[in-house]
Amino acid sequence: IGVTGVQTCALPIFNGNFVLIPRNIHDLVGRIDGDFSHGFADLDYGYRVRKQCFNIYLLRTPVGSCSTGKYRKAHGMIDRVRKQYSRKNSPLRDQIRFLRRHAGIEWPIYIIASLIKVMFDAERKFRI
């Protein structure tokens with residue numbers, strides 16, 4: 001990517017806590033959408049960058065770190081669904097907005113498939 005001595009690998013999308021965006025890309029793509037909560041804003045921005053045909057690169061050497069948070073299994077189907085769509089995991093409002101923007105007319109299929117997967121995945125762990 002034009003930085004001498006820095007190893008990178010290309011990615012199809014990003015979701016990160018430390019992302020460098022060149023000014024020309026920012027000017028074309030715009031800002032991160034603050035109406036999303038948690039991780040959807042990063043994913044949305046990454047998709048918008050890719051739609052403008054820019055490449056995304058990951059440094060092979062970390063420049064920082066953060067804790068992974070605490071996770072635990074949910075107890076029962078209703079608890080799994082409640083936790084899946086909680087603010088810390090994957091709020092339904094954000095999922096719908098993200099998928100309507102990036103998945104086209106098939107977005108309802110993704111919502112239904114996600115719900116079915118959560119309902120029957122007893123081993124799934126959630127952020128607490």
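Filter the range 8-43 down to the residues that are surrounded by 10 or more Cβ atoms within 10 Å (Cβ to Cβ), in contact with a strand residue (DSSP E or B) (Cβ under 9 Å, 6 or more places away or on another chain) and small (Gly, Ala, Ser) and list them by number.
Correct list: GLY16 only.
Suppose we filter ARG48, ARG101, ARG60, ARG87 for residues that are touching a residue at least 24 places away in the same chain (Cβ under 8 Å), touching a helix residue (DSSP H, G or I) at 6+ places or on another chain (Cβ under 8 Å) and among the charged types (D, E, K, R); which single one remains?
ARG101
Tell me, please, whether a residue that is β-branched (Val, Ile, Thr), at pLDDT below 90, more than 18 Å from the chain's Cα centre (by Cα) and surrounded by 15 or more Cβ atoms within 10 Å (Cβ to Cβ) can be found in the range 80-90.
Checked the range 80-90: at least one residue is β-branched (Val, Ile, Thr), at pLDDT below 90, more than 18 Å from the chain's Cα centre (by Cα) and surrounded by 15 or more Cβ atoms within 10 Å (Cβ to Cβ).
Among the residues that make up the range 54-77, is at least one of them part of a helix (DSSP H, G or I) and open to solvent by 100 Å² or more (accessible area, probe 1.4 Å)?
No - not one qualifying residue is present in the range 54-77.
Any idea which of (1) under 14 Å from ASP44 (Cα atoms); (2) open to solvent by less than 70 Å² (accessible area, probe 1.4 Å); (3) free of Cβ contacts under 8 Å to residues at least 40 places away in the same chain is the one PRO108 doesn't satisfy?
That leaves (1) as the condition not met.
Please go through the range 33-79 and give me each residue that is among the basic types (Lys, Arg), within 16 Å of the chain's Cα centre (by Cα) and under 26 Å from PHE120 (Cβ atoms), ordered by number.
Matches in the range 33-79: none.
Determine if the range 64-84 includes at least one residue that is in contact with a Lys or Arg (Cβ under 7 Å, 6 or more places away or on another chain) and closer than 30 Å to GLN7 by Cβ.
Within the range 64-84, one or more residues are in contact with a Lys or Arg (Cβ under 7 Å, 6 or more places away or on another chain) and closer than 30 Å to GLN7 by Cβ.
Answer yes or no as to whether LYS51 is open to solvent by 60 Å² or more (accessible area, probe 1.4 Å), at pLDDT below 85 and among the charged types (D, E, K, R).
Against the criterion (open to solvent by 60 Å² or more (accessible area, probe 1.4 Å), at pLDDT below 85 and among the charged types (D, E, K, R)), LYS51 does not qualify.
Which ones in the range 111-128 are aliphatic (A, V, I, L, M), assigned to a loop (DSSP other than H, G, I, E, B) and surrounded by 12 or more Cβ atoms within 10 Å (Cβ to Cβ)?
ILE128
Can you tell me how many residues in the range 5-38 are in contact with a Pro (Cβ under 8 Å, 6 or more places away or on another chain) and part of a helix (DSSP H, G or I)?
Result for the range 5-38: 0.
Has the range 99-108 got any residue that is in a loop (DSSP other than H, G, I, E, B) and modelled with pLDDT under 85?
No, that holds for no residue.
The values are calculated or read from the model by the stated rules, or taken from the named source; none is laboratory data. Note that the structure is predicted; figures quoted are calculated from it, not measured. Glycine gets a Cβ as well: all are built from the backbone with ideal geometry, and neighbour counts include every protein chain shown. In case anyone asks, the SASA skips ligands and DNA or RNA and just uses the protein heavy atoms, side chains included. Shrake-Rupley method; radii C 1.70, N 1.55, O 1.52, S 1.80 Å.
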